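In what follows, a single structure is set out as structure tokens and then discussed.
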Amino acid sequence: MIVAGKGAEHFMPAQTYLFSCLADNFGVLLHDPQSGATASIDAPEAAPVAAALAKTGWRLTDILVTHHHADHTGGIPELKRQHRCRVVAPRAEAQRVPLVDERIGEGDRVRIGSLEARVIETPGHTAGHISYFFPADKLAFVGDTLFSIGCGRVIEGDAEMMWRSLTKLRNLPDDTRFYCGHEYTAANIRFAKTIEPNNKALAARAEQVAQLLTAGKPTIPATIGAEKAENPFLRADVPEVAEAVGLAGSPAWKVFAEIRARKNRF
Ligand SMILES: [Zn+2]
């Protein structure tokens with residue numbers, strides 16, 4: 001297999017380790033087997049990250065921050081003290097993240113050993129929120145911008161900004177697996193069914209998610225391709241969805257704003 005940018009015989013896929021922390025946050029480690037480098041995507045709290053490192057035997061070299069909220073950065077000081085790892089954070093809100101070493105923005109490249117991410121600015125939830133896309137492995141870490149069958153609350157930006165951010169993630173390859181910041185999928189599905197009660201892909205996903213949760217398993221990663229068929233927040237430019245919220249013919253961002261407002265009240 002030839003993989004762009006890598007010697008075929010040397011390509012070793014990235015490994016991930018997903019775990020839960022705080023009330024409903026996901027933690028995830030990204031490991032490069034070739035170099036041994038390991039990144040924590042955000043750092044909700046130190047102890048579960050430390051436990052994940054102990055379990056995998058991986059050594060923490062980097063923390064990739066998506067946004068400044070405390071439930072994504074609270075573990076940084078302790079992890080930095082223990083591991084002297086590099087902290088990479090969005091330039092636009094780096095002053096609100098502890099102990100930042102590297103400030104990054106749209107189009108920048110970040111290396112974790114031999115793995116390389118492209119930075120995608122995805123503002124809306126916070127003004128400087130970023131996502132990390134690893135093209136060789138088709139992995140994306142999207143923080144609180146995109147959730148499975150949902151999206152983050154629009155706190156610091158506006159609906160038009162958030163819609164633009166979501167479409168940037170929607171444009172990633174369909175087989176991209178993405179990791180988000182929270183396990184909200186079941187509640188998101190209950191809401192999504194109020195927008196698209198006849199969406200068959202969504203109904204199938206609902207069954208799959210129920211089985212995963214019953215088995216005590218996480219509902220992510222999900223793929224961008226599946227979300228495009230099932231997530232109403234990525235479907236604001238689908239005529240049937242616009243019609244369902246009484247906004248046929250309106251710009252997609254206005255349809256998105258209405259869906260987001262309904263979710264806030266749900
Ligand atoms: Zn957040």
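The values are calculated or read from the model by the stated rules, or taken from the named source; none is laboratory data. The structure presented is a predicted model; accordingly, all values stated were derived computationally and were not measured. Virtual Cβ from ideal backbone geometry, glycine too; neighbours counted across all protein chains shown. Just the protein is used for accessible areas: all its heavy atoms, side chains included, with ligands, DNA and RNA removed. Shrake-Rupley method; radii C 1.70, N 1.55, O 1.52, S 1.80 Å.
Tally time: how many residues in the stretch 83-100 are touching a helix residue (DSSP H, G or I) at 6+ places or on another chain (Cβ under 7 Å) and part of a helix (DSSP H, G or I)? The qualifying residues number 0.
Residues of the stretch 23-76 being within 16 Å of the ligand (Cβ to nearest atom), polar (S, T, N, Q) and touching a Phe, Trp or Tyr at 6+ places or on another chain (Cβ under 7 Å), which ones? Residue satisfying the conditions is Thr66 alone.
Being within 17 Å of Val238 (Cβ to Cβ), modelled with pLDDT of 95 or more and surrounded by fewer than 19 Cβ atoms within 10 Å (Cβ to Cβ) holds for only one residue in Pro218, Pro197, and it is Pro197.
So which residues in the stretch 200-215 are among the polar types (S, T, N, Q) and open to solvent by less than 50 Å² (accessible area, probe 1.4 Å)? Passing the criteria: none in range. Among the residues of the stretch 95-143, write down those that are touching a strand residue (DSSP E or B) at 6+ places or on another chain (Cβ under 7 Å) and within 16 Å of the ligand (Cβ to nearest atom). Answer for the stretch 95-143, where residues must be touching a strand residue (DSSP E or B) at 6+ places or on another chain (Cβ under 7 Å) and within 16 Å of the ligand (Cβ to nearest atom): Val97, Glu121, Thr122, Gly128, His129, Ile130, Ser131, Tyr132, Phe141, Val142, Gly143.
Residues that are within 12 Å of the ligand (Cβ to nearest atom), among the charged types (D, E, K, R), within 12 Å of the chain's Cα centre (by Cα) and within 21 Å of Gly74 (Cα to Cα) occur at least once in the stretch 144-158.
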